[in-house]
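Down below is the structure, laid out as structure tokens.
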């Protein structure tokens, strides 16, 4: 038998380059199969199986971290160091969401396994999204991700608040997809116009679009397309003026899903935004002011709106908006400062660790009504549970950007990038934002540490009085708190990775 | 350059932090106290060892000794944990060690609620303080300062006195603004110097070769001045200080007012003045007038009007910072050297005053000086120590403060005659409120209120638990007061270094 044909086929095979995503898909299907074949009493083990398998995939990604980089699938996706970094990022997110969900779902009467299944699909889509180098790939993966999130947001379907959040997210998500698609179509259309210089039939490809834009710096239709694409992405990251869905959806969604939205969805939006900003580099004159204005408005809106919140889910949502503003500060600097890109990625990692620490504590403390978590529920936490309050302090300290926590390093790199790019006015806005943010993070800390429990009569029937937490969640929280501190002064390999680019 | 050899600076920084980590990880109760003693004594021992060895060891450029560098993964940003001591940081490093030891002993002996957490936060603060003054890397200089600052807020919020939540909030917001502004200024230096490094030695070399333009220097110095100014309670950004110190538990107030607050002045002297001489010249006049009229005169009168003992000490520390700013504004070697001496002296004397005020409170159950009187009959040692602290604060010869204030006044005379009059009149003001406080608390007849308190629990003189830290501080004040050369040689060498540096190249 002649093996040369097979050898050729094998040489041209690029499926191996997306093996982690394929493994996640297989795992997702396997979970559904397990639910059918396993006896009913073993069903509660399925989440743990999912978590362990994901850790295995994470190990695989880490062991093949320095793989051969390059394009595959005819340039649809590209393997880059950034892509590898965010594969790790999204799998970490997915593992943590699964761990949070074990606690959160146990309080509700809802189907279990489907939740973990959808989380895996969304994760796989997000991993492909950050590697995509083609608008079709980008749109398909983005939609896969978003549709999964539509389901997850309204997962606690017996709760009116959750359903409202689901509907809002659906409408807003559809609108943002439409804007994005319209922008893509405009760009594709104008690049295909035969009368323009540098015309290309292949404008879905980022590289081709980039050279077309370079040949036509100042085309109105292209500019409109760029603004629409940026608007579509602004929805995903919660940038002003497209942040309006954030508080309601964050409050209504189940806490693990809120965490997923806040971290994974936002990170995916930012990584795509960074690669598109580089594609749109010839339109720097347009992209940079738009991003700067958006950054300033996002920082101010997020922080000022968070000031008066008493519901912790809304508070963390709005603080997340302000974090998006800080990251936009670095994104706006990418055109002129090469180190800005690394600072975006570092900030996202730090945000992942700190956010999940806070969301983990929120999950542990949430009562039967997941949407009703008030600052008052945290009164006396410092005495009730030193462990949870310690983790909360690490997470909030990191989000507030206070040394020695990692959040400070994230902010420092962003500020350095913005300073080098000469965005002095934006830096002033950012500093105002940081000071304002200290106020509401401090309010949370005050509730947890400086105030005592509200008497023996339980005023909040929804609040859990016991602080007994699942051991897996405890381990994860301890690791996250340690990570928040260690990354604050020793960045090690991650520091090398993000400051090299 | 990282080696495994004996590194006193790293040990001084790491020991309190390691002990804090051990306590956080759940050390048994019987061990906590012993470990805490170790955590506070080690930095003090290392500081004194460094002090004794400093004149003998080999110096690297800019007079830095004991230099070591540990990579932290951010070499591309020019960030690394680089430790070293020069003549300016040496006195403050020693100050941090001594005041930390005193505050630590005092905290261990006090019976605060939730002792473990209290000691843990204090140890983190101590580690941060040692790190601040041992860092050559500007990034870590700032980082360690914040590390020491955060526990202060929490300690005020949990263990504070009256209005603790409000005081904690006000302090947090004020000091965060100050810290953010100074961070922006430091980033500006980092970015504009072109050195692509946070290493102060590298930045100094780069800027010595290619100084910044005058306009740039003015802007950056302005940022640093306002940022550091808020942190050092420059008038009119001082209002957090009396409020915060009034509410803070005594050990936290000792460490913050005594040591941490010097961060801003230290930053001005170590970073802003040598790197931005033209900026300093531009701002010096405004700074001098603000400090003389605002901090010394206005706050001096405000201090005189205080009835609350702790508030008075808090305001007096704001006032003394005015002298330090005047010395910096004068800018001469004599003036700046005087500021370094004053920082040490004021750090020792103000932490002694905070310690003794709390001791007074334990006996009178109030901070209101109108409701005290005649305490000296029952507590001769306490009143002697308090009198010594007051004399030191006024700046009598024999105490370290004298060697801080006199050079500043001499330097200021060359700078501006009329400001010197204002400044010197400040010593009269501090003599008035200081001595009046002593008179009200310790002498004269007992007030009716105190009579009732004393009848219920008769005041006893301070025991060894309070005496030990107080004696440590008084001894240090007298030692420096009688033998100022122990620091001034190193300070002089560091301040006159720029000329030496040119010849060295």
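In the range A:391-405, is there at least one residue being at the interface with another protein chain (Cβ under 9 Å from one of its Cβ atoms), under 20 Å from residue A:474 (Cα atoms) and assigned to a helix (DSSP H, G or I)?
Looking for residues that are at the interface with another protein chain (Cβ under 9 Å from one of its Cβ atoms), under 20 Å from residue A:474 (Cα atoms) and assigned to a helix (DSSP H, G or I), one finds at least one in the range A:391-405, hence yes.
Assuming residue A:382 fulfils every condition listed in (1) facing chain B (nearest Cβ under 9 Å); (2) within 23 Å of the chain's Cα centre (by Cα); (3) not in a loop (DSSP other than H, G, I, E, B) apart from one, which condition is it?
Residue A:382 satisfies every listed condition except (2).
Is it fair to say residue A:122 is surrounded by 15 or more Cβ atoms within 10 Å (Cβ to Cβ) and touching a helix residue (DSSP H, G or I) at 6+ places or on another chain (Cβ under 6 Å)? Show your work before the answer.
Numbers: surrounded by 15 or more Cβ atoms within 10 Å (Cβ to Cβ): yes; touching a helix residue (DSSP H, G or I) at 6+ places or on another chain (Cβ under 6 Å): yes.
Answer is yes for this residue.
Residues A:324, A:364: which one is farther than 19 Å from residue A:295 by Cβ and part of a helix (DSSP H, G or I)? Give the steps one after another, and end with the answer.
Values: A:324 fails: farther than 19 Å from residue A:295 by Cβ.
The conditions single out A:364.
Which condition number does residue A:328 fail, the rest of (1) within 26 Å of residue B:196 (Cα to Cα); (2) within 13 Å of chain B (Cβ to nearest Cβ); (3) in contact (Cβ under 8 Å) with a residue 24 or more places away in the chain being met?
Failing condition for residue A:328: (2).
Out of A:443, A:433, report the one residue that is within 13 Å of chain B (Cβ to nearest Cβ), out of contact with any helix residue (DSSP H, G or I) (no Cβ under 6 Å at 6 or more places or on another chain) and either in a helix (DSSP H, G or I) or modelled with pLDDT under 85 (or both).
Working: A:433 fails: out of contact with any helix residue (DSSP H, G or I) (no Cβ under 6 Å at 6 or more places or on another chain).
Just a single option satisfies the conditions, and that option is A:443.
Hand me the list of helices (runs of 4 or more DSSP H) wholly inside the range B:1-118 holding 3 or more residues that are surrounded by fewer than 16 Cβ atoms within 10 Å (Cβ to Cβ).
Numbers: elements: B:8-24, B:29-54, B:89-109.
Once the helices (runs of 4 or more DSSP H) in the range B:1-118 are filtered for at least 3 residues that are surrounded by fewer than 16 Cβ atoms within 10 Å (Cβ to Cβ), what remains is B:29-54.
In the set A:354, A:417, which member is crowded, with 24+ Cβ neighbours inside 10 Å, more than 14 Å from residue A:323 (Cα to Cα) and touching a residue at least 40 places away in the same chain (Cβ under 8 Å)?
Of A:354, A:417, the one residue that is crowded, with 24+ Cβ neighbours inside 10 Å, more than 14 Å from residue A:323 (Cα to Cα) and touching a residue at least 40 places away in the same chain (Cβ under 8 Å) is A:417.
If only one of B:15, B:44, B:36, B:65 is away from chain A (no Cβ under 14 Å), at pLDDT 85 or above and either in contact with a strand residue (DSSP E or B) (Cβ under 7 Å, 6 or more places away or on another chain) or under 20 Å from residue B:263 (Cα atoms) (or both), which one is it? Step through it out loud before you land on a result.
Values: B:15 fails: either in contact with a strand residue (DSSP E or B) (Cβ under 7 Å, 6 or more places away or on another chain) or under 20 Å from residue B:263 (Cα atoms) (or both); B:36 fails: either in contact with a strand residue (DSSP E or B) (Cβ under 7 Å, 6 or more places away or on another chain) or under 20 Å from residue B:263 (Cα atoms) (or both); B:65 fails: at pLDDT 85 or above.
Unique residue meeting the criteria: B:44.
Which helices (runs of 4 or more DSSP H) does the range B:289-390 wholly contain that include 3 or more residues that are touching a strand residue (DSSP E or B) at 6+ places or on another chain (Cβ under 6 Å) and on the phi > 0 side of the Ramachandran plot?
none
Here are some conditions: (1) modelled with pLDDT under 80; (2) out of contact with any helix residue (DSSP H, G or I) (no Cβ under 8 Å at 6 or more places or on another chain); (3) more than 30 Å from residue A:338 (Cβ to Cβ). Residue A:467 meets all but one. Which one does it not meet?
Going through (1) modelled with pLDDT under 80; (2) out of contact with any helix residue (DSSP H, G or I) (no Cβ under 8 Å at 6 or more places or on another chain); (3) more than 30 Å from residue A:338 (Cβ to Cβ) one by one, residue A:467 breaks only (2).
Only one residue in A:137, A:145, A:172 is in contact with a strand residue (DSSP E or B) (Cβ under 7 Å, 6 or more places away or on another chain) and at pLDDT 90 or above, so which one is that? Please lay out each step first, then the result.
On the way: A:145 fails: in contact with a strand residue (DSSP E or B) (Cβ under 7 Å, 6 or more places away or on another chain); A:172 fails: in contact with a strand residue (DSSP E or B) (Cβ under 7 Å, 6 or more places away or on another chain).
Criteria check complete, one pass: A:137.
Among the helices (runs of 4 or more DSSP H) contained in the range B:431-505, which hold 1 or more residues that are within 32 Å of the chain's Cα centre (by Cα), farther than 27 Å from residue B:407 by Cβ and at pLDDT 85 or above?
It comes to B:464-482.
Can you find a residue in the range B:102-122 that is in contact (Cβ under 8 Å) with a residue 24 or more places away in the chain and within 18 Å of residue A:488 (Cβ to Cβ)? Give the derivation first.
Initial filter on the range B:102-122 (in contact (Cβ under 8 Å) with a residue 24 or more places away in the chain): B:102-110, B:112-122.
So of that shortlist, the ones also within 18 Å of residue A:488 (Cβ to Cβ) come out as B:120-121.
Yes, the range B:102-122 contains a residue that is in contact (Cβ under 8 Å) with a residue 24 or more places away in the chain and within 18 Å of residue A:488 (Cβ to Cβ).
Out of A:30, A:53, which single residue is in contact (Cβ under 8 Å) with a residue 24 or more places away in the chain and surrounded by 14 or more Cβ atoms within 10 Å (Cβ to Cβ)?
After ruling out the rest, the residue left standing is A:53.
Determine whether residue A:87 is assigned to a helix (DSSP H, G or I), at pLDDT 85 or above and at negative phi.
Details: assigned to a helix (DSSP H, G or I): yes; at pLDDT 85 or above: yes; at negative phi: yes.
Yes: the conditions hold for residue A:87.
Within the range A:182-202, which residues are crowded, with 17+ Cβ neighbours inside 10 Å and either part of a helix (DSSP H, G or I) or in contact (Cβ under 8 Å) with a residue 24 or more places away in the chain (or both)?
We begin by selecting, within the range A:182-202, every residue crowded, with 17+ Cβ neighbours inside 10 Å; these are A:183-184, A:186-188, A:190-191, A:200.
Passing the criteria: A:183, A:184, A:186, A:187, A:188, A:190, A:191.
Determine which member of the set A:94, A:104, A:63 is under 21 Å from the mean Cα position of the chain (by Cα) and more than 30 Å from residue A:184 (Cβ to Cβ). Break it down into steps so the answer makes sense when it comes.
Values: A:94 fails: more than 30 Å from residue A:184 (Cβ to Cβ); A:63 fails: under 21 Å from the mean Cα position of the chain (by Cα).
After ruling out the rest, the residue left standing is A:104.
Only one residue in A:352, A:304 is assigned to a helix (DSSP H, G or I) and either within 14 Å of chain B (Cβ to nearest Cβ) or closer than 30 Å to residue A:469 by Cα (or both). Which one? Please lay out each step first, then the result.
Numbers: A:304 fails: either within 14 Å of chain B (Cβ to nearest Cβ) or closer than 30 Å to residue A:469 by Cα (or both).
On inspection, the qualifying residue turns out to be A:352.
If residue A:141 satisfies every condition in (1) touching a residue at least 24 places away in the same chain (Cβ under 8 Å); (2) surrounded by 22 or more Cβ atoms within 10 Å (Cβ to Cβ) but one, which is the exception?
Status for residue A:141: all satisfied but (1).
Being within 18 Å of the chain's Cα centre (by Cα) and either modelled with pLDDT under 90 or surrounded by fewer than 24 Cβ atoms within 10 Å (Cβ to Cβ) (or both) is true for just one of B:258, B:294. Which residue is that? I'd like the intermediate steps shown before the answer.
Values: B:294 fails: within 18 Å of the chain's Cα centre (by Cα).
One residue alone meets the criteria, B:258.
Just to confirm my filter: which helices (runs of 4 or more DSSP H) fall fully inside the range B:124-219 and include at least 1 residues that are crowded, with 21+ Cβ neighbours inside 10 Å and within 11 Å of another protein chain (Cβ to nearest Cβ)?
Numbers: elements: B:138-159, B:164-193, B:200-209.
Passing ranges, in order: B:138-159, B:164-193.
The values are calculated or read from the model by the stated rules, or taken from the named source; none is laboratory data. Keep in mind the model is a prediction, meaning the values are calculated, not measured. Cβ atoms come from the backbone with ideal geometry, glycine included; neighbour counts cover every protein chain shown.
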